[in-house]
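Below is one structure; the comments refer to it alone.
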Amino acid sequence: MVNRRIFMRNGAMALFAAGLGGVPSFVARAADNKKIIPPYKKNKTMVCIFQRGAMDGLMAVSPYADPNLKILRPSLYMSPSANEGRMFDLDGKFGLHPGLAAFEPLYRQGRLAIVHGVGSPNNTRSHFDAQDYMEAGTPFNKGTSSGWLNRAVGLLGHEGTPFRAVSLTSALPRSFYGDNEALAINNLQDFAIQMRGNPMAANIASKSFEQLYDDTSSQLLNKTGKESFDAMKMLNSNDIKNYQPANGAVYPNSALGNSLKQIATLIKMNIGLEVAFAEVGGWDTHFNQGTANGSLARNLKDFSDSIAAFWKDMDAHQDDVTLMTMTEFGRTAHQNGTGGTDHGRASCLFVLGNDVAGGKVYNNIKSLAIQDLEDGRDLPVTTDFRSVFSAVADNHLKINDDKKLFPDWNGTSINIMKS
């Protein structure tokens with residue numbers, strides 16, 4: 001007879017040990033409390049992408065019609081009227097960088113919204129501090145122990161599967177710190193086949209999960225733990241390896257492309273994914289930034305191509321998925337002496353989904369005249385990031401407690417989602 005403790009240790013370790021270093025406590029607690037819900041349920045999923053390094057929002061979505069921009073950026077200025085590598089004119093005021101070409105049809109369809117002049121009220125220009133504040137959701141409190149996505153999970157109002165909150169990263173991001181459990185999975189296929197080479201798992205590898213359940217007399221495991229392990233069993237390495245995106249979607253062979261492909265895989269497995277996280281670096285463009293070509297253009301293309309492929313792949317799941325991007329701050333309005341831009345204040349972000357009031361650049365930007373810039377050098381923050389994050393979470397995940405989601409914030413959500 002296999003008692004509960006040994007079963008949980010052997011069975012769960014076989015699935016989790018290689019990537020997580022042991023049995024996640026929430027698996028045991030969920031079984032103990034008899035709160036694991038059936039995993040084969042369609043969920044609403046919010047996908048968040050962090051652009052680490054501070055994306056230049058003034059080039060990604062350029063206020064090209066402001067005459068001050070060409071003065072501030074004589075060699076970086078772009079406009080829709082250029083013959084080669086021209087921007088996409090969005091509304092007569094803002095232009096979309098040609099590297100973001102994959103976003104243009106989504107914007108025209110009204111599925112993609114852009115929020116400009118967004119950022120943190122804390123004026124730090126430290127990457128580490130700004131990312132920490134944004135992920136914690138408390139821009140003036142370094143002592144916040146939890147991340148805003150972790151709190152969002154806790155406010156969902158129901159119990160979930162062990163795959164309710166997943167980050168496709170090698171380590172758990174600050175956004176997921178807190179009391180509500182979340183997983184960091186760097187590679188789904190490795191996660192699914194980690195019994196291979198695991199001495200403890202080798203002892204049970206010849207047995208099916210059904211046999212293991214039959215071996216135990218624990219009513220709890222037979223009735224409630226089985227649902228949890230059934231969800232884990234769906235991470236079949238062959239299914240993941242042979243995954244075929246829908247509609248001929250082709251993901252870039254990049255870190256972000258691979259992360260979004262794996263998120264799509266989890267969503268289609270219907271194992272309870274409700275909050276997903278991915279990240280992409282390389283946005284710190286201090287020198288040789290380029291215009292239609294260059295380091296920023298390459299990053300923007302990978303970024304938009306990855307997201308567009310994900311959206312195409314979602315197909316029948318599109319009504320249940322909303323994707324939102326974020327970056328810690330923007331770049332200076334002035335270009336520097338090395339053809340780049342330095343740490344600034346406001347940037348822009350993108351929100352994609354069928355429940356998004358898209359086809360619009362939401363902004364409260366006055367102008368790029370020196371007197372309207374923060375400290376005479378930066379695009380000022382005119383939209384608090386929390387007003388966007390709360391709008392998406394409240395509408396898509398039906399979270400209705402912004403005081404708990406963002407402590408010490410008394411603002412209001414931006415009207416960016418369909419009612």
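Ranked by how many other Cβ atoms sit within 10 Å of their own Cβ, fewest first, the residues Arg73, Arg125 fall in the order Arg125, Arg73. The mean sequence distance of close C-alpha pairs (under 8 Å, at least 6 residues apart), as a share of the length of segment 56-174, puts its relative contact order at 14 percent. Taking every alpha-carbon pair under 8 Å whose residues sit at least 6 apart, segment 98-147 reaches a relative contact order of 20 percent.
Just rank Arg331, Arg108, Arg174, Arg151, fewest to most, by other beta-carbon atoms within 10 angstrom.
In increasing order of surrounding Cβ atoms, one gets Arg108, Arg174, Arg151, Arg331.
Based on C-alpha pairs under 8 angstrom that are at least 6 apart in sequence, segment 303-370 has a relative contact order of 30 percent. Bridging of Lys366 to aspartates and glutamates at a Cα separation below 20 Å is possible for Asp56, Asp66, Asp89, Asp91, Glu374, Asp375, Asp378, Asp384, once same-chain residues fewer than 8 apart are set aside. Projecting the Cα positions of His396, Pro380, Gly411 onto the charge dipole of segment 349-419 (unit charges on Cβ atoms of Lys, Arg, Asp and Glu, taken about the Cα centre) puts His396 furthest along the positive direction.
Applying both filters, DSSP loop and at most 13 other Cβ atoms within 10 Å, to the chymotrypsin sites (Phe, Trp or Tyr not before Pro) of segment 254-324 gives Phe287.
Taken as Cα centroids, segment 317-353 and segment 84-128 sit 7 Å apart, rounded to the nearest whole angstrom. Taking other C-beta atoms within 10 Å as the exposure proxy, His334, His158, His396 rank His158, His334, His396 from fewest upward.
Sorting the segments 361-374, 130-143 by their residues' average number of neighbouring beta-carbon atoms within 10 angstrom, most packed first, yields 130-143, 361-374.
A short reminder: the numbers here are calculations on the coordinates, not readings from a lab. Note that the structure is predicted; figures quoted are calculated from it, not measured. In this analysis, Cβ positions are derived from the backbone assuming ideal geometry, glycine residues included, and neighbour counts consider all displayed protein chains.
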